[in-house]
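A.B. asks: I have a structure here, written as structure tokens, and I will follow up with some questions on it.
The values are calculated or read from the model by the stated rules, or taken from the named source; none is laboratory data. Treat the numbers as computed from the prediction; the structure is a model and nothing was measured. FYI the Cβ positions are ideal-geometry reconstructions off the backbone, even for glycines, and counts take in every protein chain you see.
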Amino acid sequence: MIEIRKLSFSYGKQQVLRDIDLRAEAGECVAVLGNNGAGKSTLITCINRIREPEAGGVFIDGVNVREMPRRELAKQIGYVAQKNEMTHAAVIDCVLLGRRPYIRMSMGEEDVALCMEVMRRVGIDHLRLRYLDELSGGELQKVMLARALVQQPKVLLLDEPTSNLDPVNQYEMMHLVRSVAKEQNVTVLTVMHDLNLALRYCDRFCFMKNGGIFKSGGAEAVTEETIRETYGMPVRLGQSGSVPVIIPFPDYGNHPVTKLERTSLSDGMYIRT
């Protein structure tokens, strides 16, 4: 379980985060949503102490992360950044680095076996002898996810984990993340821009605006009004079978949403009015 209490952060005189309160339980996937510049990535890097907040605190199972030694923090929190450096290192060596917090003398057979299993599950075992600077952006993103997972963290922080992936791999990635969260009781906080991916794979939603939390909660928090106020764009909530769908209407003048009626979009799919 992770709890963020009254967290604030500034770049010089410019306040980016103010009085952030957020709580997520073990096994939950929480989508952190909002426009560019809302403070989402800054929040993630304050949680894992890449940046030190000026006020407030972050607690994992009641323990302040500021009081954790770096090795212990690496056991508690796994992190996949939005951008990663493509160094000339082998994929297997990069993933094995995720075991570093647990290793005192040398890598054991169990560590290697865990890394191989995680790479297989993420779908990169065939890349294990390739070099990072030979990979595509999407392949590199999967490698970094594998490295974070072998840390066996209690909290997994993902900053736009699907940004470099094609549609198939986006859904595979989020399905994997959700499965790991449920199976291993990992709390996941993921910065996302794709609202439909978030709706399908996340349990709770945190909408950020102007450095604060505008609204948070379960599926009931994802309303047309909330999305419009957060992003400045009208939408309609739809349904395709049992899957909720968000339909954007960016050109409001030519597509007057207020005049839409409950209309079938395709077999089993409709717009709510």
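A.B. asks: Residue under question is Lys215, and the condition is that it be surrounded by fewer than 20 Cβ atoms within 10 Å (Cβ to Cβ), under 18 Å from the mean Cα position of the chain (by Cα) and within 19 Å of Glu25 (Cα to Cα); does it hold?
C.D. replies: Against the criterion (surrounded by fewer than 20 Cβ atoms within 10 Å (Cβ to Cβ), under 18 Å from the mean Cα position of the chain (by Cα) and within 19 Å of Glu25 (Cα to Cα)), Lys215 qualifies.
A.B. asks: Go through region 10-49 and count every residue that is crowded, with 22+ Cβ neighbours inside 10 Å and part of a strand (DSSP E or B).
C.D. replies: So the answer is 7.
A.B. asks: Test of understanding: among Val16, Val30, which residue is of a type in the set (A, V, I, L, M), closer than 30 Å to Leu197 by Cα and either touching a helix residue (DSSP H, G or I) at 6+ places or on another chain (Cβ under 6 Å) or not assigned by TED's automatic domain parsing to the domain that holds Leu199 (or both)?
C.D. replies: Answer to the check: Val16.
A.B. asks: How many residues does region 98-127 contain that are among the polar types (S, T, N, Q) and under 13 Å from Gln151 (Cα atoms)?
C.D. replies: The number of residues fulfilling the criteria is 0.
A.B. asks: Sort out which residues of region 135-162 are more than 25 Å from Asp111 (Cα to Cα) and either in contact with a Gly (Cβ under 8 Å, 6 or more places away or on another chain) or among the charged types (D, E, K, R) (or both), and write them in order of number.
C.D. replies: Result: Asp159, Glu160.
A.B. asks: Which one is surrounded by the most Cβ atoms within 10 Å (Cβ to Cβ) among residues in region 143-176 that are of a type in the set (Val, Ile, Thr) and over 19 Å from Ala74 (Cβ atoms)? Before you say what the answer is, go through the steps one by one.
C.D. replies: Going through region 143-176, the residues of a type in the set (Val, Ile, Thr) turn out to be 143, 150, 155, 162, 168.
Okay, now just the ones that are also over 19 Å from Ala74 (Cβ atoms), so 162, 168.
Numbers: Thr162: 22, Val168: 8.
Filtering first and then ranking leaves Thr162.
A.B. asks: Now for a different question. Could you tell me how many of the residues in region 63-91 are among the small types (Gly, Ala, Ser) and either exposed (fewer than 12 other Cβ atoms within 10 Å of the Cβ) or part of a loop (DSSP other than H, G, I, E, B) (or both)? Steps first, please.
C.D. replies: From region 63-91, those among the small types (Gly, Ala, Ser) are 74, 78, 81, 89-90; that's our starting set.
If we keep only those that are either exposed (fewer than 12 other Cβ atoms within 10 Å of the Cβ) or part of a loop (DSSP other than H, G, I, E, B) (or both) as well, we get 81, 89.
Number of matching residues: 2.
A.B. asks: In addition: Looking at (1) in contact (Cβ under 8 Å) with a residue 60 or more places away in the chain; (2) basic (Lys, Arg); (3) closer than 28 Å to Ser10 by Cα, which is the one condition that is false for Lys215?
C.D. replies: Every condition holds for Lys215 apart from (1).
A.B. asks: Out of the residues in region 225-249 meeting the condition of being part of a loop (DSSP other than H, G, I, E, B) and touching a residue at least 12 places away in the same chain (Cβ under 8 Å), tell me which one is surrounded by the most Cβ atoms within 10 Å (Cβ to Cβ). Show your work before the answer.
C.D. replies: Going through region 225-249, the residues part of a loop (DSSP other than H, G, I, E, B) turn out to be 232-234, 241-242, 249.
Checking which are touching a residue at least 12 places away in the same chain (Cβ under 8 Å) leaves us with 232-234, 241, 249.
Working: Gly232: 10, Met233: 13, Pro234: 19, Gly241: 9, Phe249: 15.
Only one residue tops the list, namely Pro234.
For (1) at pLDDT below 95; (2) closer than 30 Å to Lys6 by Cα; (3) not charged (D, E, K, R), each residue gets a yes or a no:
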position	(1), (2), (3)
Arg70	yes, yes, no
Asn84	yes, yes, yes
Thr87	yes, no, yes
Met116	no, no, yes
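A.B. asks: Can you pull out every residue in region 191-212 that is within 17 Å of Phe9 (Cβ to Cβ) and either surrounded by fewer than 21 Cβ atoms within 10 Å (Cβ to Cβ) or outside the structural domain of Val30 (by TED's automatic domain parsing) (or both)? If you could, list the steps in order and put the result at the bottom.
C.D. replies: If we filter region 191-212 for residues that are within 17 Å of Phe9 (Cβ to Cβ), which is where we start, we get 191, 206, 208-212.
Correct list: Lys209, Asn210, Gly212.
A.B. asks: Filter region 213-226 for residues that are out of contact with any helix residue (DSSP H, G or I) (no Cβ under 7 Å at 6 or more places or on another chain) and either aliphatic (A, V, I, L, M) or outside the structural domain of Leu43 (by TED's automatic domain parsing) (or both); which is nearest to Val177 (Cα to Cα)? Steps first, answer last, please.
C.D. replies: Keep residues of region 213-226 that are out of contact with any helix residue (DSSP H, G or I) (no Cβ under 7 Å at 6 or more places or on another chain), which gives 213, 216-221, 223-226.
Filter once more, keeping what is either aliphatic (A, V, I, L, M) or outside the structural domain of Leu43 (by TED's automatic domain parsing) (or both): 213, 219, 221.
Values: Ile213: 24, Ala219: 19, Ala221: 22 Å.
If we take residues in region 213-226 being out of contact with any helix residue (DSSP H, G or I) (no Cβ under 7 Å at 6 or more places or on another chain) and either aliphatic (A, V, I, L, M) or outside the structural domain of Leu43 (by TED's automatic domain parsing) (or both), then Ala219 is nearest to Val177 (Cα to Cα).
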